[in-house]
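What follows is one structure encoded as structure tokens, with my remarks underneath.
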Amino acid sequence: MNPVSYDPHHRIWALNARNSSYVLRLDDGDDAPRQLHWGPHLTPEQALTTPPLPPPGNSFAGTARGREEYPTEAGASYGPAALLIRFADGSRGVEWQYLNHTVDGGHLAIRWRDRRQPLEIVLHYRVYEDSDVVERWAELRHTGTSADDAPLTLHRVDSAAWSLPHRPDYRISHVIGAWGRETQLRRTPLPYAELVLTSRRGVTGHDTNPWVMLDAGDATEDTGEVWSSALAWSGSWHFTAWRAQDDQVRWSGGAGHDGLTWRLRPGERWQTPVFAGLYSADGFGGTSRAWHTYQAGHVLPQPDELRPVVYNSWEATGFDVDEAGQMRLAALAAGVGAELFVMDDGWFGARRDDTAGLGDWTSNPKAFPDGLHPLIDEVHRLGMRFGLWVEPEMVNPDSDLYRRHPDWVLHMPSRERTTLRNQLVLNFARPDVAAWAHAWLNRLVTDHAIDFLKWDMNRPFSEAGWPERGEDADLLWFEHVRQVYAVMDRLRADHPHLRIEACAGGGGRADLGVLARTDQVWTSDNTDAVDRIAIQHGYSQLYPARTMGAWVTDCPNPFTGRTVPLRFRFHIAMAGALGLGGDLTRWTPDELAEAACLVARYKDIRPVVQHGLQYRLDGDGVQYAHGDRTVVIAWRVAPAHGDPTPPLRLRGLDPAARYRDERTGLLHHGAVLMHHGLPLDLSAGDHASMVIRLNAVGQG
Ligand code: DGJ
């Protein structure tokens, strides 16, 4: 099947993904694009017969006929618009005139112009034969040729709007959260309203995350239709989901938040980030796996690598880093099997706490009298790679950088500058600021054998002004993110060995945009293994285990005060990209020995966890399947006396195959494991856990 087909007679385009189709057409009357179908495979002929929405029956209902592909406030249409544009004469909306389209493999670009205004719009679509994800983005161009032509005023340029077929009900799934409590999954009925999910913070945010899943209220983990979408953007963003009284359901989303205004001048283009959509008939689990596979195939920069076992110094030493202390930790980390040693905050400038030094990116001579080389050499001698924490977008007012360049931060001339964590945000939209950041990062990586950067970002924007740009200051909300991406992209291109971790006070910057240029995400500053279960469950809805940084740290946990067994902490962290973050100098020899065994166990299961398909199981467990190997991580947090331990029903196995438990040697039938479940020995009090490794040994 061609990835894109076009029927010129009916003016229909069909995008054919792996198991699904997305079909749109031009309206007969006015060339406006209208979605016909998003679901299982349909031919264009079949899609043409999809039932139209009933025509509006009265003057108050307006003229919109539903399923607008890119709503623009045109005519008497009252749903949320994807494009809010103002022309010089006060006109709004778009009068669509189709120009042409191009197809290049799975990429379709359809081009229109406004009938009376100097505007060209291109809607882009891309599908892949190995995925059901449809990538969509939009492009605007001011077609005026004279510098005197009035600019176009933009308030909202969404990447795409998605419409759903009629169902008796709809439910929305998304995550909520906060610092230390990211990605808490919520499923709620979709209200008859405009429901807004947004970040107004300049960064993706902890409060929610730019993806949604919609279902008719009947999908389960294993079954049912789910429509979902995720935005590839790491700044402010918004989604507006709309359920009208006639049960039309559609949502629109893109970069930026309500209230921004910027201009497009003659000859200028505006391109949105990708808003990717996915239809799956395989429930929430199937939806998540399809997203994970898509990211491995089309988003992540190094999908074939295994993420190393990290040791990170933050919870052990805080800001109190020096050469001797870090070397001591490095020796212990290497001893338990860490492969990458990351020195966190505190190594530079006058940084001894969070009040000073951000912006002055040379090593602190008191803590590192001979610079970073001795530590880096020692880490390499111990057989580990070396990583360093940086926070390039930030500055402390108490820093040489700020004293030299007070105008480099986001600010408004007549407003106080609000500090958060004693820091201000550098305006990366300014070319000189982005160039400065690239220069010092490039120098740091070039002059030292640095293999990994943890790129942090510890506060949202405020007083987000850019006085030099006058009425176009709001551009900074977009340009800041583009420049962060550009700096990361350049660093990666110039240093092909360099790997990057995305972090914003934990999981405040996890999205498809940053994952296209980083290798993993620091999921949460909360490393309590019990709290992590919910955080990781929410994270896994969209993002794959290989990107989910998970450290084992000390007890009592600094966030929660909770004490749980080392084994339990390891097992929960093994569900992602395992790391260590505790103060190993305080671990007993027995604990270090146990940790070494558990790290070795992780390395054994790592290809399955990181490159396998993930199944969230009904009870307390998660399963990964890769080739003949299956790994199950199971736990019980705090059972009451007499609580049964039900067998854990596995997923995705070959019912006809037998599976050998690598530890016990016991053979299990795939059909039994999936229908009745795997018996578990989790009766040993609170926080019991186990890792089960199964190998398919043929049919029988
Ligand atoms: C926030 C990060 O999430 C932590 O892991 C640590 O790097 C601190 N910042 C350092 O300031």
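Residue 335: surrounded by fewer than 18 Cβ atoms within 10 Å (Cβ to Cβ) and over 30 Å from residue 475 (Cβ atoms), yes or no?
yes
Would you confirm, using the coordinates I've provided, whether residue 325 is open to solvent by 10 Å² or more (accessible area, probe 1.4 Å) and either part of a loop (DSSP other than H, G, I, E, B) or assigned by TED's automatic domain parsing to the domain that holds residue 606 (or both)?
Taking the combined requirement at face value, the residue satisfies it.
Just to verify a result, which residue in the stretch 17-38, among those that are under 25 Å from the mean Cα position of the chain (by Cα) and surrounded by 20 or more Cβ atoms within 10 Å (Cβ to Cβ), is farthest from residue 113 (Cα to Cα)?
If we take residues in the stretch 17-38 being under 25 Å from the mean Cα position of the chain (by Cα) and surrounded by 20 or more Cβ atoms within 10 Å (Cβ to Cβ), then 20 is farthest from residue 113 (Cα to Cα).
When the residues of the stretch 310-322 are filtered to those that are assigned to a loop (DSSP other than H, G, I, E, B) and crowded, with 21+ Cβ neighbours inside 10 Å, which remaining residue is farthest from the ligand (Cβ to nearest atom)?
Result: 321.
Looking at the structure I just gave you, is residue 341 buried (at least 23 other Cβ atoms within 10 Å of the Cβ) and under 21 Å from residue 623 (Cβ atoms)?
Taking the combined requirement at face value, the residue does not satisfy it.
Being in a strand (DSSP E or B) and more than 28 Å from residue 478 (Cβ to Cβ) is the filter here; which residues of the stretch 185-206 pass it?
185, 186, 187, 188, 189
Collect the residues in the stretch 180-222 that are open to solvent by 50 Å² or more (accessible area, probe 1.4 Å) and of a type in the set (S, T, N, Q), keeping them in residue-number order.
Answer for the stretch 180-222, where residues must be open to solvent by 50 Å² or more (accessible area, probe 1.4 Å) and of a type in the set (S, T, N, Q): 188, 220.
Among the listed residues 236, 229, 252, which satisfies the condition of being touching a Lys or Arg at 6+ places or on another chain (Cβ under 7 Å) and among the polar types (S, T, N, Q)?
236
Looking only at residues that are free of Cβ contacts under 8 Å to residues at least 40 places away in the same chain and of a type outside the set (Lys, Arg) in the stretch 378-406, which one is nearest to the ligand (Cβ to nearest atom)?
Of everything passing the filter in the stretch 378-406, 395 is nearest to the ligand (Cβ to nearest atom).
List every residue pair whose Cβ atoms lie under 9 Å apart, where the two residues are 6 or more positions apart in sequence or sit on different chains, the first residue falls within the stretch 448-467 and is touching a residue at least 40 places away in the same chain (Cβ under 8 Å) and closer than 9 Å to residue 411 by Cβ, and the second residue, located anywhere, is more than 13 Å from the ligand (Cβ to nearest atom) and among the aromatic types (Phe, Trp, Tyr).
Close Cβ pairs (under 9 Å, with a partner that is more than 13 Å from the ligand (Cβ to nearest atom) and among the aromatic types (Phe, Trp, Tyr)) amount to 464/477.
Looking only at strands (runs of 3 or more DSSP E) that fall completely inside the stretch 1-114, which ones have 2 or more residues that are closer than 29 Å to residue 261 by Cβ and free of Cβ contacts under 8 Å to residues at least 24 places away in the same chain?
The qualifying strands (runs of 3 or more DSSP E) are 107-114.
Pull up the stretch 145-179, narrow it to residues that are within 22 Å of residue 540 (Cβ to Cβ) and part of a loop (DSSP other than H, G, I, E, B), then point me to the one that is least open to solvent (accessible area, probe 1.4 Å).
Selected residue: 177.
Report yes if residue 514 is modelled with pLDDT of 95 or more, within 16 Å of the ligand (Cβ to nearest atom), crowded, with 23+ Cβ neighbours inside 10 Å and assigned to a helix (DSSP H, G or I), otherwise no.
yes
Evaluate the stretch 617-634: report whether one residue or more is in contact with a Phe, Trp or Tyr (Cβ under 7 Å, 6 or more places away or on another chain) and of a type in the set (Asp, Glu).
yes
Does residue 525 satisfy being in a loop (DSSP other than H, G, I, E, B) and open to solvent by 10 Å² or more (accessible area, probe 1.4 Å)?
In short, yes.
The values are calculated or read from the model by the stated rules, or taken from the named source; none is laboratory data. The structure presented is a predicted model; accordingly, all values stated were derived computationally and were not measured. Cβ sites come from the backbone with ideal geometry, for glycine too, and all protein chains shown count toward neighbours. Accessible surface areas use protein heavy atoms only, side chains included; no ligands, DNA or RNA. Shrake-Rupley method; radii C 1.70, N 1.55, O 1.52, S 1.80 Å.
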